[in-house]
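The values are calculated or read from the model by the stated rules, or taken from the named source; none is laboratory data. All of these numbers come straight from a predicted model, not from anything done at the bench. So basically every Cβ, Gly included, is an ideal-geometry build from the backbone, and we count neighbours across all protein chains shown. Note: accessible area is taken over every heavy atom of the protein model, side chains too, but ligands, DNA and RNA are not part of it. Shrake-Rupley method; radii C 1.70, N 1.55, O 1.52, S 1.80 Å.
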Amino acid sequence: IVEFKISNPGVVGKSIRDVAAYSHHHFVISRLWRAGQVSIPTSDSTLESGDLVLVITSPDDVQALELLFGERVQKDWNTHDIDWNALDSQLISRSIIVTRPEINGRKLSSLRLRNLYGINISRVHRSGVQLLATPDLTLQLGDSLTVVGEAQAIEGVEKILGNAVKQLDEPNLIPVFIGLLLGLLLGSIPFAVPGISLPVKLGLAGGPIILGILIGTFGPRIHIVTYTTLSANLMLRALGLSLYLACLGLEAGAHFVETIMRPEGMLWIGLGFLLTFVPIVIVAALSLRFFKLDFGQVAGIMCGSMANPMALNYANDSIPGDHPAVAYATVYPVCMFLRVIIIQILIMCLI
C-alpha cells in the first residue's frame, strides 16, 4: 500500500481506465484525495495535478508506478496499527467473505460492484495469499475481499457476496476425493513418448498433481466448489505428510545400515550428497544474484525442487510473507512431473 502525488503531466487529465490500459503494471487505486476531500475513484475518474492516490500493488511495481504518477509520498501505509475506519469519516473498510455459490467462478468485473455501489475492492485474501483485486480476477468461495466505501453501500455488497461465515463450515471434501480418484486413474493411463518404445505413466504422484492443477484452474469457471475449511485443509496436509514420511522411511530404511556398512556405501552417500546439494546451491546463487529473487522465493524454489514440505513449513514459519509458499506451489508440480517421467525414460534407455 503506497501513496502517490499526481505530478506527471502525462497522466493529468487522463481517466484511471486509460492510465491502467497504457501501463502493463497491475494496481488498484483505493482512495483519492482532492482539495482535502476523500472519494472512491471509479475507472472513469480523471486524475488532476496535485491529487493524492492510495494505491495497492506488488512491491516490485512501486518504483515503476512512481515514474507513472510522478511523486511518492513518504508515508508507511503497511503498518498494522492504522485505523482505516478512522482515516476518513464517511468511508469504512471491511472484509467481506464470498459465501454464495453463485459467485464462485465469476470475474470481479462482471459483478460491477464499483459502478453499482460506489465501493472499491483493493485486495483479495485466498488460502493465506494476498491477491490484487484486478477486474479479471476470478472469485472463489471462501475469498475474503477488502472493501472500502460508505456503510450503506458495503451492506449492499454483503448481500451480493454472502458474508455468511457459517456457510463455510462445510468442508466440501467430496470434490477433493473425486479429484484424488480421477488423479489416480489419470496416473495409471500409459501414454507414448516419441523415441521411446514403451509407454510411460504419470504414476501415483504425477496424476493427482496434474488433475489438481486442472481442477484448481478450471473448477471455479464451471462452478465446482473446491473450498475446504482451514481445519480440513490442515488435516489433509498432515495426513499426506505423514503418509509421505512413512512410505519414505519404509522404502529407504529397510536396508540403510546394511548399505552404508558396505565398502561402496560411503560412495553412494557422497554421490547422493553431490546430486542433491550442488545443483540446489548453484540454482540458489543464480536466483539471488542474476534473477534478483528475494530469499523467500529462493527458499520456496529450493523446497519445491526437492519436494520437501518439511523444509517449506520451516521457511513459512521463519520468513514473513507468502513468497515461500507461492514459489513452492509454482515449482513443485513441474519438478514432480519431470521426476516421474525422466526416471522412467532413463530406466527404459539404460536397460
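FRET efficiency for the pair His25 and Trp268, taken as 1/(1 + (r/R0)^6) with r the Cβ-Cβ distance and R0 = 41 Å, rounds to 0.25.
Here the stretch 251-309 yields Rg over Rh of 1.16, to two decimals, using C-alpha coordinates and the Kirkwood radius.
Using every pair of separate Cα atoms, the Kirkwood estimate puts the hydrodynamic radius of the chain at 23.9 angstrom.
When the helices in the chain are scored as -39500 (n - 2.57) per DSSP H run of 4 or longer and the sum is shared across all residues, what 222 nm value do you end up with, to the nearest 500 deg cm²/dmol? Before the final figure, lay out the partial values.
Values: 13 runs with 169 residues, N = 351.
It lands at -15500 deg cm²/dmol.
Taking all protein chains as they are arranged and a probe of 1.4 Å, the heavy atoms of Cys335 leave approximately 30 Å² accessible to solvent.
Let me have the relative contact order for the chain, percent, based on Cα pairs under 8 Å that are six or more residues apart. Taking the mean separation of contacting Cα pairs over the length of the chain, I get 13 percent. Between the stretch 298-351 and the stretch 90-120, how many Å separate their Cα centres? One Cα centre to the other: 35 Å. Run the paramagnetic zone check for Ser49: 7 angstrom along Cα to Cβ, then residues of the stretch 13-39 with backbone nitrogen under 16 Å. So the set is 13-14, 35.
Within the shell defined by Cβ-Cβ distances under 9 Å, the residues around Thr138 carry a net charge of +2, with Lys and Arg each +1 and Asp and Glu each -1.
FRET efficiency for the pair Phe218 and Phe191, taken as 1/(1 + (r/R0)^6) with r the Cβ-Cβ distance and R0 = 22 Å, rounds to 0.60.
State log₁₀ I(q)/I(0) for the stretch 1-125 at q = 0.09, 0.19 Å⁻¹ as given by the Debye formula over alpha-carbon point scatterers of equal weight, solvent excluded. Each listed q maps to, in turn, -0.27, -1.19.
The listed residues Phe27, Phe290 rank as Phe290, Phe27 when sorted by accessible area, largest first, using a 1.4 Å probe. Protection proxy ranking of 304-315, 276-287, 215-226, by the mean of other Cβ atoms within 10 Å over each peptide's residues and highest first, is 304-315, 215-226, 276-287. Using only Cα atoms, find the angle between the long axis of helix 203-218 and the longest principal axis of the chain, and express it within 0 to 90 degrees, rounded to the nearest 10. That works out to roughly 10 degrees.
For the stretch 99-207, a simple Cβ point-charge model (Lys and Arg +1, Asp and Glu -1, everything else neutral) yields a dipole of about 240 debye relative to the Cα centre.
How big is D for the stretch 302-351, in µm² s⁻¹ as a whole number, if Stokes-Einstein is applied with the Kirkwood radius of its Cα pairs at 25 °C and 0.890 mPa s?
Details: Rh = 11.9 Å.
Translational diffusion coefficient: 206 µm²/s.
With all projection directions averaged, the alpha carbon convex hull of the stretch 197-351 covers 12.9 nm².
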